[in-house]
Amino acid sequence: MLRGELTGLRARHDDDIAILEAELHDDVETRVRADSRPWRPLPPGLAESPYRPDSDAADRASFSVVELATGELAGEALLWGIDQHNRMAHVGLSLRPAFRGRGLGTDAVRVLCRYGFAILGLHRLQAETLADNNAMMASAARAGFVPEGTLRRSAWVNGEFADEVILGQLAAEWDARQPAAS
């Protein structure tokens, strides 16, 4: 398990999948804002569930987020679109409703950064989020991401186009914020 101050990122367990499907995927209003693909209902136990990790997917690292204080499943985190040639990846995070607003998102993003930069040796991490997703933008900023631009009316969300913000962080920026080794 990769540990932060508040959260741990671990491999997805089979019993996590039904919880993530019920609380993240079936929350249609939130899910359509977090995924560029159209929402479709998932029958229980579907082999193609977006929460069932594919061990053969070299371009994705999926984690379950666990609150360290309680050991409870708090959500999912992932690096996706991992590009080893250009040494970059995209950051994704979604927390269960009961775990939002408690600092877990920022901590999980920091742990993803450590994984991407220190373990995978990536040069750049990028986050894309809707311009009105203040929680994700604040978590990313506290984890060291900087806004790089806005894609105007690029996301189809609930029957209208919405702006997306691109945030990025480079390995050198992350390294500069790490405590010096003693």
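When nucleic acids and ligands are ignored and a 1.4 Å probe is applied, ASP163 ends up with an accessible area of around 40 Å².
Tally Lys/Arg at +1 and Asp/Glu at -1 over every other residue whose Cβ is under 15 Å from the Cβ of GLU164; what's the total?
Working: positive: ARG33, ARG37, ARG152, ARG153; negative: ASP35, GLU128, ASP132, GLU148, GLU160, ASP163.
Every neighbour counted, the sum reads -2.
Is the C-alpha gyration tensor of segment 90-160 telling us rounded, prolate or oblate? Criteria: a/c under 1.5 is rounded; beyond that, a/b larger than b/c is prolate, otherwise oblate. It comes out oblate by the Cα gyration axes.
Cα gyration tensor of segment 1-66, axes a ≥ b ≥ c as square roots of the eigenvalues: rounded (a/c below 1.5), prolate (a/b > b/c) or oblate? Each step should come with its number before you reach the end.
Values: a/c = 1.67, a/b = 1.42, b/c = 1.18.
Prolate shape, in that a/c is at least 1.5 and a/b is the bigger ratio.
Using only the Cα atoms of segment 28-169, build the gyration tensor, take square roots of its eigenvalues as a ≥ b ≥ c, and label the shape rounded, prolate or oblate: rounded if a/c is under 1.5, else prolate if a/b is larger than b/c, else oblate. Here segment 28-169 falls in the rounded category. Of the solvent-accessible surface of the chain, computed with a 1.4 Å probe over protein heavy atoms with every protein chain present, carbon and sulfur atoms account for 52 percent. A 1.4 Å probe run over the chain, with the rest of the protein chains in place, finds 55 Å² accessible per residue.
Using the crude model of +1 on Lys and Arg Cβ and -1 on Asp and Glu Cβ, and no other charge, please compute the dipole size for segment 72-182 relative to its Cα centre, in debye to 20.
On the way: 11 positive and 12 negative charges, 53 e Å.
In total the dipole reaches around 260 debye.
Ranked from largest, the principal axis spans of the Cα set of segment 56-128 equal 38, 23, 22 Å.
The values are calculated or read from the model by the stated rules, or taken from the named source; none is laboratory data. All of these numbers come straight from a predicted model, not from anything done at the bench. Don't worry about glycine lacking a Cβ; one is built from the backbone with ideal geometry, like all the others, and counts go over all protein chains shown. The protein model used for the area step is the full one, side chains on, heavy atoms only, and it has no ligands, DNA or RNA in it. Shrake-Rupley method; radii C 1.70, N 1.55, O 1.52, S 1.80 Å.
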